[in-house]
Amino acid sequence: MHAFTTLSAVAAPIDEPNVDTNQLCPTRFNKVPRGPAYARILFHDQRFNADGSEKEHILNAEPFNRAQIIVADRNWGSGSSRESAVYALYEFGIRCVIAPSFADIHSNNCYKNGLLPVVLSESECEAIRKQLRESPGATIQVDLAAQTVIDAKGQTHRFEIHPVRKKCLLEGLDDIARTLQYREAFGAFEARYREERPWLYSAST
Amino acid sequence: MNPPLNPTPPLTMLDKIWNRHVIAEDGGELLLHVDRALIHEGASHAFIKLELEGRTVARPKQVFAFNDHYVPTSGRDQGLAGIANAEIRNMVIQLQTNAAKHGVTLFGMDDPRQGILHIVPPEQGITQPALLICGADSHTATHGAFGCLAFGIGASDMMHVMATQTLWQRRQQSMRITIEGEPGFGVSPKDIILAIIAHIGVDGGTGHIIEYAGSTFRNMSMEGRMTVCNMSIEAGARAGMIAPDEKTYAYLHDRPYAPKGAHWDAAMALWQTLPSDAGAVFNREVSLRAADIAPMVTWGTNPQQGAPITGVVPNPRDIQDPIVAQETASAIDYQALTPGMALSEIAIDKVFIGSCTNSRIEDLRAAAAVARLGKAMVPSWVVPGSQLVKRQAEQEGLDAVFKAAGFEWRDPGCSLCTAINGDQLQPGERCASTSNRNFKGRQGTGGRTHLVSPAMAAAAALKGRLTDVRALLKNA
Ligand code: SF4
């Protein structure tokens, strides 16, 4: 996994609440193996016509086609557990999404791929989206170690993040290495567990 | 009698299940033992990652794979050759290859037990109380109907589960939704969960795990409980659960993977300790009355945007919150509706009865009871959730009822719920659907979805528009 430390980048405002993972990655693209093709898949049906030509969409045009940050509205990433929604964001270049709230599974999927979900209040997100609409191409700075976002007007917003998540992102650690340190505890747990619940492990027929 | 010196505080069912699975704790995160992992063709990303990192499946016997999302729902006698699209065929084959390679139990396309990954495990007794079940699919919440903790995870987490049979999690908040009383005539479990979502919102359960409590759920069949738990994710909750009881045990008894003989007794002794203790504290409580719930339909593009069938399409101008007003306007625009129009005036092009929400035997019985009252006016599909459901329905003659009424009787799979196997709406087509998501394009690019119960879907088929099933049934 790639580490996330600081980021200073163009941010795109997306005003719609409840943006679901079907919008981020329409179902029919789920089968695409992870790779650069996902850049075009992000918001595909909002960005492209059936013949492949571009529709009007904020992420299609300069300067937002270079955005690495999205500032969104509440309940970002609801719906399907598809991690391909994160692949689409990531391959497009997005490294951070700022929103008042995230759907649980999607937020988890972001962390697992080195993409930082930042929760700011509804009014903060709205204010930043307004700035971005008024001065397109404005950059936003995100500092994970300091847990701050500096908006386009230079104002600092602090955000919360679970310490373990922060550490994993800062160091680009994935979970498995951490889990394998608990091999012994797992072995002991499992032995006891199997003895107490033998029916879980008996064959069906 | 004196109270014990250190009484254990009352626990929720969630606490009890959770506590039994903790292997270790690190910085506020818990390493949990996963009892069962459920995967479908979409887990290809997890397998690719697993192999890239040179890892293997740690406990293959605890992983179950299902051909469901990509299988065709007609022409199944031709096997794989019946899948015209090579990419789709390849997804079906890939899961079979991966399952064989890693020793994972597969319910494959030709298996007489084949079906949707949230329909088959309960039928087979793979789903049991007290378990921790992770699925590579958000509707894994369904299994909570048996008093277990079941939730969906993404590909990275599924890779982790397959490689270690564990998962890191933080404790979630608990929420109890209590509903008392008998639902009114024509009101089904689907209407109850749609009413809950309309009430608490699509993010109402975010960060929470819901326990459904009260007499309405106690009196509900296992099928109905699964329908309710299934859509917990549409309320933003990763999981929903219902305390196991005599109905749960009766359902499970003698299922292939259910415990037998002395094991059954030992399992029962454990299961009976699960229900939340009296006085257990939940982080959030919500109550509704069953009597207040009517047959529901969604008019918009998220599951919260629904109303009783007797209602009208809302007018964005009447909505105070500018963001909600904007969201409402955008949904109405996509759905090509007019503010203020009666929901029962909405003409439809297609009906879909199926999906892990509503394709169990009880759902098909409810739909058939309506279908026998007339003829379908629009193309209407019935897609059973599994081969077992299909055969059961055929034994009961339900297939004949559907066919006589002009419905298409198809083979099991996810089908038009997610439009990934080639079954899909055309742009602009409007569908009354028993599935769970009415997102833009969910059933095909440009398609429009109205979520309803099986009986309401069948009624819509007979009328060619959304309609109140109660009127149809009363006049029957
Ligand atoms: S029926 Fe629909 S919701 Fe259920 S598992 Fe299949 S695609 Fe997902």
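Out of the DSSP beta bridges found with both residues in the protein assembly as shown, what percent are antiparallel (nearest 5)? The answer is about 35 percent antiparallel. For the range B:13-169, just list the percent of Cα-Cα distances falling in each 10 Å bin from zero outward, please. Calculated P(r), rounded to whole percents: 11, 40, 33, 13, 3, 0.
For chain A, the relative contact order works out to 25 percent when only alpha carbon pairs closer than 8 Å and six or more residues apart are counted. Charge dipole of chain B (Cα centre as origin; +1 on each Lys and Arg Cβ, -1 on each Asp and Glu Cβ, all else neutral): 500 debye, rounded to the nearest 20.
Projection of the Cα convex hull of the range A:22-69, averaged over all directions and equal to a quarter of that hull's surface, yields 3.7 nm².
Positive-end ranking of B:324, B:275, A:188 along the dipole of the protein assembly as shown, with charges on Cβ about the Cα centre, is headed by A:188. Rg over Rh for the range B:213-266 works out to 1.05, using Cα positions for both radii and the Kirkwood form for Rh. Chain A contacts chain B over a buried accessible area of about 5300 Å², both sides summed; the probe is 1.4 Å and only protein chains count. The reciprocal of the average 1/r between distinct C-alpha atoms defines the Kirkwood hydrodynamic radius, which for the range B:173-292 equals 15.2 Å. Taking only the C-alpha atoms of chain A, Rg followed by Dmax gives 19.7, 67 Å. Taking the Cβ-Cβ separation of residue A:16 and residue A:184 as r and a Förster radius of 41 Å, what is the calculated FRET efficiency to the nearest 0.05? With a Förster radius of 41 Å, E is 0.25. Expressed in units of 2.2 N^0.38 Å, where N is the residue count, the Cα radius of gyration of the range B:171-220 is 1.20. Over all Cα atoms in the range B:82-236, the spread is summed up by Rg and Dmax: 17.5, 51 Å. With a 10 Å cut-off around each Cβ of B:313-324, the average count of Cβ atoms from other chains is 1.
Between residue B:55 and residue B:86, the distance separating the two model label sites (each 7 Å from Cα on the Cα→Cβ line) works out to 3.3 nm.
Let me know the shape class of the range B:297-474, please: from the alpha-carbon gyration tensor, a ≥ b ≥ c as square roots of the eigenvalues, rounded when a/c is under 1.5, otherwise prolate if a/b is greater than b/c, or oblate. Prolate, since a/c reaches 1.5 and a/b exceeds b/c. Explain nothing, just the number: relative contact order of chain B, from Cα pairs under 8 Å at least 6 residues apart, as a whole percent. Here the relative contact order equals 17 percent. Legend: calculated FRET efficiency, residue B:319 to residue A:40, from the Cβ-Cβ distance at R0 = 41 Å, rounded to 0.05, equals 0.70. By accessible area, using a 1.4 Å probe on protein heavy atoms only, chain B has 51% of its surface on carbon and sulfur. Stokes-Einstein diffusion of chain B at 25 °C, 0.890 mPa s viscosity, Kirkwood radius from Cα pairs, rounded to a whole number: 108 µm²/s. Per residue, the accessible area of chain B comes to 33 Å² when a 1.4 Å probe rolls over the protein heavy atoms.
Taken residue by residue and averaged, Cβ atoms of other chains lying within 10 Å of the Cβ of A:135-144 number 0.
Reducing the range A:16-72 and the range B:386-436 to their Cα centroids gives an inter-centroid distance of 31 Å. Relative contact order for the range B:173-292: 40 percent, from Cα pairs under 8 Å spaced at least 6 residues apart, divided by residue count. Annotation: extensible slack from residue A:51 through residue A:150 equals 31.6 nm (criterion: 0.36 nm per residue apart, minus Cα-Cα distance). Approximating the spin labels as points 7 Å out from Cα along Cα→Cβ, the residue B:8-to-residue A:1 distance works out to 3.3 nm. Only Cα sites of the protein assembly as shown enter the Debye sum here, all with the same form factor; the resulting log10 I(q)/I(0) across q = 0.07, 0.08, 0.09 1/Å is -0.43, -0.57, -0.74, listed in q order. For residue B:241, the residues whose modelled amide H falls within less than 5 Å of its own, excluding neighbours fewer than 5 places apart on the same chain, are B:210, B:211, B:212. Taken about its Cα centre, the protein assembly as shown carries a charge dipole of roughly 680 debye when the Cβ of each Lys and Arg holds +1 and the Cβ of each Asp and Glu holds -1. In chain A, what percentage of the DSSP-assigned beta bridges are antiparallel, given to the nearest 5? About 50 percent, rounded to the nearest 5. If R0 is 56 Å, the Cβ-Cβ spacing of residue A:121 and residue B:373 corresponds to a FRET efficiency of close to 0.60. Taken about its Cα centre, the range B:65-124 carries a charge dipole of about 120 debye when Lys and Arg each add +1 at the Cβ and Asp and Glu each add -1 at the Cβ.
The sum of -39500 (n - 2.57) across all DSSP H runs of n ≥ 4, divided by the residue count of chain B, sets its helix-only mean residue ellipticity at 222 nm to -9000 deg cm²/dmol. In the range B:261-377, the alpha-carbon atoms span a convex hull of 217 Å³ per residue. With helices as the sole contributors, chain A gives -9500 deg cm²/dmol at 222 nm; each DSSP H run of n ≥ 4 counts as -39500 (n - 2.57), and the sum is divided by every residue. Other protein chain C-beta atoms within 10 Å of residue C-beta, averaged over B:36-48: 2.
The values are calculated or read from the model by the stated rules, or taken from the named source; none is laboratory data. Just so it is clear, the model here is predicted, and its values are computed rather than measured. All Cβ positions, glycine included, derive from the backbone under ideal geometry; neighbour counts span all protein chains shown. Heads up: the accessible areas ignore ligands, DNA and RNA and are worked out on the full protein's heavy atoms, side chains in. Shrake-Rupley method; radii C 1.70, N 1.55, O 1.52, S 1.80 Å.
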